[in-house]
Amino acid sequence: MNLLGILIVILITIACLAYIVSYIKKTFNKVNSSCEECPYSDACSKKQ
Amino acid sequence: MEIKSNLIIGLAGNPNVGKSTLFNTLTGAHQHVGNWPGKTVEKKHGEFTYLDKKIKVVDLPGSYSLTAYTEEETITADFILEEKPDVVVQIIDAQNLERNLFLTIQLIELGAPLVIALNMVDLAINTDQKINIKALSELLCVPVVEMDARSKKHLGSFMKAVFEKAFSDKKADKIKLTYGTDINDELGKIRQFLREKENNVTEEEINWTAIKLLEGDYRAEQKASNKAHYSELKLLVKRSIARLHKICNKDINTILARARYGFIKGLSEDVIGRHTISGHKKLADKFDHIVTNKYLGIPFFAIVAWVLFQTTFKLSKPLMGWIELLFEFLGANLTSLMATWNAPTWVSSLLVDGVIGGVGGVLVFVPIIGILFLLMALLEDSGYMARVAYVMDKFMHRIGLHGKAFIPLILGFGCNVPGIMATRTLPTKKDRLLTILINPFMSCGARLPVYILFAGAFFSAYQGWVIFSLYFLGIIVAIVMGFLFKKFLFKKLSSPFVIELPPYRWPAIKGVLIHVWERVWIFIKKAGTIILAFSIIIWLLASAPFGVDYGSQDSLAGSIGQTISPVFRPLGFDNWQSSVALMFGFVAKEVIVSTFGTLYGIDDVEDGEGGTSLSNALQDNFTPLAAYAFMIFVLLYAPCLAVLAVVKRETNSWKWPLFMVGYTTAVAWIFAFIVYQGGNLLNFG
């Protein structure tokens, strides 16, 4: 793997880790206002 | 008179009368509706425009009365008292008019600007009731309109009644309910006292406060306790209660309830015309005798569940095969395309092993998720699932659990998050906590792909039976754990509960399809987001450090897996791949399948016997007994992050989610151990 390849893999990894962290944060902070986690929530009906 | 440009409408009513359906019809929202009580556990807001007026609709939780016994009743009463909506629409199930009128009486007592929407009038024709709508409206002094909550058929007359109520004089004719001379006298004394002592309160508020104080409603007492004259008022109420008790020799709630039911009985006699019971009703009654029978009910449910799983597999198998072929085709072509372009090997590996292996491995299960949810939604909407709750209610009472707890458990089959939220319908904090703690044992949709993958690889001739046994085991473990918690952790639980049996009806196809699509879309979205992210991370862990063979035990993933795997050795699955899958599956259960897909790859073509390389890889690493123990572990071990988050929120503490992780994982380990070691002893290995 050349330097560019390593750089791309690092960037993809950072993006994935950032997404996973934000997913976990969102789950704990907004579990009741996210259609993804709970289609029965207040915000979900508002959004729809 | 002031003409407002915006209106607020509250939708109130008994559970399962069509509030959420009407809410969806009015606002175009897609709130989940079901043919059983207790779906809506908190207020939902929506908006729509009608004749240039912006109308805010609030869907209130179903409640039978406005006394502060349960959270639903408190939410409804607080909304009417504090937010003062322009109109409160009570949706009444025309088939059960008498029962619904108990709430009507209380809404009238509360002085709510009431409009009654009579729903399911067409179904009432199948019963022995024909309602005289005009007489009902005149006797209650409340507008009553016929409404079909599922369609916009009577929307014009409904909205006309709503507008007339919203812009009418609020002091127009109102019915005066009488409770008998003795109660009226005592109520009169309290009302008089409140009139003298309190300013800026309406006559309805005075009336409501007087009744609620006599009933011993804690919310009314709490409100009164902030006032300067509280001790005087308290003494007055205490004397009134004592006097009534002396005269009637009954407790005050019984006396008031009798007075209200007396009014309802008289009213019903005047407005309900009886005719002969229809063939539909007779048939429904006969069917109910079987499905709610104390001996036949549970076996019947078991047969229905078995048929449900068998049908799901039979219907989804060809569809799954096509999607599998599509991803195999994609994988093979991408590999050759990359080779043509002279792309580095790692790019090809990332796309084929990581992305297609992980995400594709999960998307294969879309048809089975869709079909299972479709069949479950049909059963739910038809009214059968409420019968299951009824049968289980009796059973759960017998072992000392709260019967109402079974409804949140059934909801847990879809997803444990709404299941846990539905525990709000339970009356006490201990009941709720207990039901929350056992809910994750109900096998949610996210665990299904794991079962299908393993059952397909190891028990292809008995797939339906194997998965049926896992769902059933989940129910049994939930009930056993509930019983143990009740015995050792939450002693002295309440409480009597009567579950109603909604009438059978044809499922609302549009609503069912919307619900199924929502579940499938959540699944697809997860595959494209969190599962994709995890697949790439797992690919990286399986590729690093440089120079190791992809997915070998020398890789980082291999090292992590080998560190954990001794824990699972007594359970029969100590291969490092399953340890990594279980570890990441803690975030979302679907990740277990995508991890196997990434680590083993699905890019190879099918073998001669129709199995895929993933199935073959699993067969190389598990014995059938170990595979079954693995499925049991997945069924019972720590719930996903979303469930823990909702438990944290509902219990307002970290203690219970952490306890849940610990005890469910321990239970999972013990059960998997018993099955694997027991199976080995019996030579099933």
Tell me which of these B:Ile537 doesn't satisfy, since it passes every other one: (1) surrounded by fewer than 20 Cβ atoms within 10 Å (Cβ to Cβ); (2) closer than 26 Å to A:Ile24 by Cβ; (3) of a type outside the set (Phe, Trp, Tyr); (4) within 14 Å of chain A (Cβ to nearest Cβ).
(1)
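Determine, yes or no, whether B:Ile475 is at pLDDT 75 or above, within 28 Å of B:Lys317 (Cα to Cα) and among the β-branched types (Val, Ile, Thr).
yes
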Looking at B:Ile105, B:Ile80, B:Ile91, B:Ile75, which is the one that is modelled with pLDDT under 85 and away from every other protein chain (no Cβ under 14 Å)?
B:Ile80
State the number of residues belonging to region A:18-48 that are at pLDDT 80 or above, within 7 Å of another protein chain (Cβ to nearest Cβ) and surrounded by fewer than 16 Cβ atoms within 10 Å (Cβ to Cβ).
1
In this structure, is B:Thr209 in a helix (DSSP H, G or I) and touching a Cys at 6+ places or on another chain (Cβ under 9 Å)?
no
Selection from region B:614-661 of residues that are small (Gly, Ala, Ser) and either crowded, with 18+ Cβ neighbours inside 10 Å or within 12 Å of chain A (Cβ to nearest Cβ) (or both):
B:Ser615, B:Ala617, B:Ala626, B:Ala627, B:Ala629, B:Ala638, B:Ala642, B:Ala645
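Here's the yes/no breakdown for (1) in contact with a Ser or Thr (Cβ under 8 Å, 6 or more places away or on another chain); (2) over 30 Å from B:Ile131 (Cβ atoms):
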site	(1), (2)
B:Leu267	no, no
B:Ala284	no, no
B:Glu324	yes, yes
B:Phe365	no, yes
So in region B:1-38, with the set limited to residues that are assigned to a loop (DSSP other than H, G, I, E, B) and facing chain A (nearest Cβ under 8 Å), which one is modelled with the lowest pLDDT?
B:His32
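The values are calculated or read from the model by the stated rules, or taken from the named source; none is laboratory data. None of these values were measured; they are calculated from a predicted model. Methodologically, a virtual Cβ is constructed for each residue, glycine included, from the backbone with ideal geometry; neighbour enumeration extends over all protein chains shown.
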